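Participant: Sharing a structure here in C-alpha cells format.
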Amino acid sequence: MRRTPILVAVMVLAWAALAEAQVSADQARAEYEAELARQCPDKHLEQLSTRALRDGLDDYAASLPNEVRDRLQGAEQSQCSSGDAGAACVNAADLAATDGAGRIGELAGWICASFNGCTDQGACTYSR
C-alpha cells in the first residue's frame, strides 16, 4: 500500500518536469525568428512561406542524429495527428521540439544557409 503514494509522487514529478521542458509553439517561433534576425537579418527569412519553411525543416531534420529526429517526429505525431492538421501545425511542432532540444540557433543557421532571401511574404529563393 505504501508504494501507491510514492508512485503517484514520482509520476507527478515526472509530469511537472516534462511540462517545464516543453516549449510553447509561440515561444519557439519567437526565438526562431529572433535567431534569424541575429544570424541573417538582411535575408528577411521570417517571410518564408509555410511550404518553404517545411522544406527547410525537412532538410534540417534529415541532418540530425536519430534521437533528435525521433523527438521531432514524435512532436509532429502528437500535436498534428488530426486529418485537418497541415504543414503549419507540423512546422510549429518541429520549431517547439527543436527549441526544447536547445537547437533553435543551429536550425536558424541552417535556414539562413538554405535560402538566399525573401523580397516579400512567401517570395523567397532557395540557395540550392
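Bear in mind that the values in this text are calculations on the coordinates, not laboratory data. Quantities reported herein were computed from a predicted structural model and do not represent experimental measurements. Note that each Cβ is placed from the backbone with ideal geometry, even for glycine, and that neighbours are counted across all protein chains shown.
Participant: Over the stretch 32-113, what relative contact order in percent results from Cα pairs under 8 Å that are six or more residues apart? Kindly include the intermediate steps, with their values, before the conclusion.
Facilitator: Working: 67 pairs, mean separation 37.3, N = 82.
Over the stretch 32-113, the number comes to 45 percent.
Participant: Would you mind ranking 63, 114 by Cβ crowding within 10 Å, fewest neighbours first? Walk me through the intermediate numbers first.
Facilitator: Working: 63 10, 114 19.
Result, fewest neighbours first: 63, 114.
Participant: Which of 60, 126 comes first, and how do the rest follow, when ranked by fewest Cβ neighbours within 10 Å?
Facilitator: Working: 60 21, 126 11.
Placing the least packed residue first, the sequence is 126, 60.
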